[in-house]
Amino acid sequence: MPFDAYDRPIQYLRVSVTDRCNLRCVYCMPEEGVPKLSHQDILRNEEIVRIVRIAVEMGFVHIRLTGGEPLVRAGIVDMVSELARIPGLDDLSMTTNGLLLRRYAEPLARAGLRRINLSLDTLRPERFRQMTRWGNLEDVLAGRETALAAGLWPVKVNMVVIRGLNDDEVVDMARLTLQPEWHVRFIEVMPLGAGAHWSGDGVVPSAEIRARIEEALGPLTPVYNEVGIGPARYYRLPDAAGTLGFISAITEHFCRGCNRLRLTADGRLLLCLLSGASVDLRTPLRQGATDDELRDLFLQAVLIKPRGHTLEEGIPATLPMSHIGG
Ligand code: SAM
Ligand code: SF4
């Protein structure tokens, strides 16, 4: 497995398979959407599969498909099926808004997808429509059930918490983990894309969310053996079946444990969510680069991965979240 210049093992690749989305979450995109990549620009299935195969041969062990909304990409089930056949790739997962899960969960599970993270920021139908602009909460909840029934496990729910918008629901969301198969993670809103609107006062620090949950539902016990490869810190409520996770990009730096690169839908390796720096793979790939040459570019990206983000110095000029893949 490759190590970066700061001795961090880099073993997790998030792959944005499309910049398109069937929602317009207020913290991610403006209602009119963001400028679209052309079809020419977007990596084809076989290009994604080749890049992932090279990554797995280098020692990447976790691959997550994201977007935009990965389920709106044509041929997503075929892509999953080809990826799942790559020798050595045991952990293939997806982050989705869940709107299309009722249709796709079973075919995806059969194709070899292991688990999903589901974005769900509210349990109130009207608020759901307000926060996503177009969505229907019922579709997501039913999609979650279908995913579990299809054997996608675990299903982790991601809630982006924004003060004044949905922070009054953190206790209700935490309470869900008292039921079987509910795992909920609270994410501090990041000042990227439309999220910049809520930088500063909009951010509800994880410590505050934890305190509110403990006050209402009892003490949280740290969970050390939770299956997790990302920056979340996990806890459990008394007698709870499920876990609570906290992802605190703003108030609790996690760069020291960062283990990931991101592949954008147009074929660039992004070194950090909060920095624009990237290494282009698509151009050499389309000009006939060999596997060895592509591997060298990967290694170069790993080696120039920055030590950490510089949010304190101001909001960086990055791509929209829907291009980066969250
Ligand atoms: N469409 C899929 C979904 O929503 O799950 C996958 C792509 S989305 C960009 C990936 C993740 O990024 C989601 O969990 C979303 O909530 C999160 N996200 C988007 N904008 C964000 C922001 N400004 N701050 C924090 N998380 C954000
Ligand atoms: Fe689409 Fe996901 Fe962004 Fe929401 S967070 S607009 S579902 S890409």
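The values are calculated or read from the model by the stated rules, or taken from the named source; none is laboratory data. All values reported here derive from a predicted model rather than from experimental measurement. FYI the Cβ positions are ideal-geometry reconstructions off the backbone, even for glycines, and counts take in every protein chain you see. Note: accessible area is taken over every heavy atom of the protein model, side chains too, but ligands, DNA and RNA are not part of it. Shrake-Rupley method; radii C 1.70, N 1.55, O 1.52, S 1.80 Å.
Taking only the alpha carbons of the range 12-324, we obtain Rg and Dmax values of 18.8, 59 Å in that order.
Largest GNM mean-square fluctuation across G257, G288, G245, computed for the chain with C-alpha springs under 10 Å, falls on G288. Return the single residue from C272, C255, C25 with maximal mean-square fluctuation; model: Gaussian network over the chain, springs between Cα atoms under 10 Å. Comparing C272, C255, C25 in a Gaussian network model of the chain, the most mobile one is C255.
What do you get for the angle between helix 137-150 and the principal long axis of the chain? Use alpha-carbon atoms, 0 to 90 degrees, nearest ten. The angle comes out near 70 degrees. In the chain, the DSSP-assigned H stretches of four residues or longer account for a calculated mean residue ellipticity at 222 nm of -8500 deg cm²/dmol, using -39500 (n - 2.57) per stretch and the full residue count as denominator.
In loop segments of the range 97-151 as defined by DSSP, the chymotrypsin sites (Phe, Trp or Tyr not before Pro) with at most 16 further C-beta atoms inside 10 Å of their C-beta are W134. Near R20, the amide H atoms lying under 5 Å from its own belong to E69; only residues 5 or more places off or on other chains count, and H is placed 1.01 Å from N.
For the chain, a crude dipole built from +1 on the beta carbon of Lys and Arg and -1 on the beta carbon of Asp and Glu, taken about the Cα centre, is about 400 debye to the nearest 20.
Take R129: with every protein chain present and a 1.4 Å probe, its accessible area is about 120 Å².
Looking at the range 1-54, the chymotrypsin sites (Phe, Trp or Tyr not before Pro) that sit in a DSSP loop and have at most 13 other Cβ atoms within 10 Å of their own Cβ are Y6. For the chain, C21, C255, C258, C272 stand unpaired, since no other cysteine beta carbon lies under 4.7 Å from theirs. Here's how it looks for L65: its modeled amide H is under 5 Å from those of V15, S93, M94, T95, which are all 5 or more places away or on a different chain.
The accessible surface of the range 12-324, taken with every protein chain in place and a 1.4 Å probe, is 51 percent carbon and sulfur. Average accessible surface for the range 121-188: 40 Å² per residue, computed with a 1.4 Å probe over protein heavy atoms with every protein chain in place. Remark: relative contact order (the chain) = 22 percent; criterion is Cα-Cα distance under 8 angstrom and separation of 6 or more residues.
Of T177, T221, the order by accessible heavy-atom surface (1.4 Å probe, DNA, RNA and ligands excluded), from most exposed downward, is T221, T177. For the range 1-101, the list of GluC sites (Glu not before Pro) that fall in a loop by DSSP and count at most 15 other C-beta atoms within 10 angstrom reads E31, E32.
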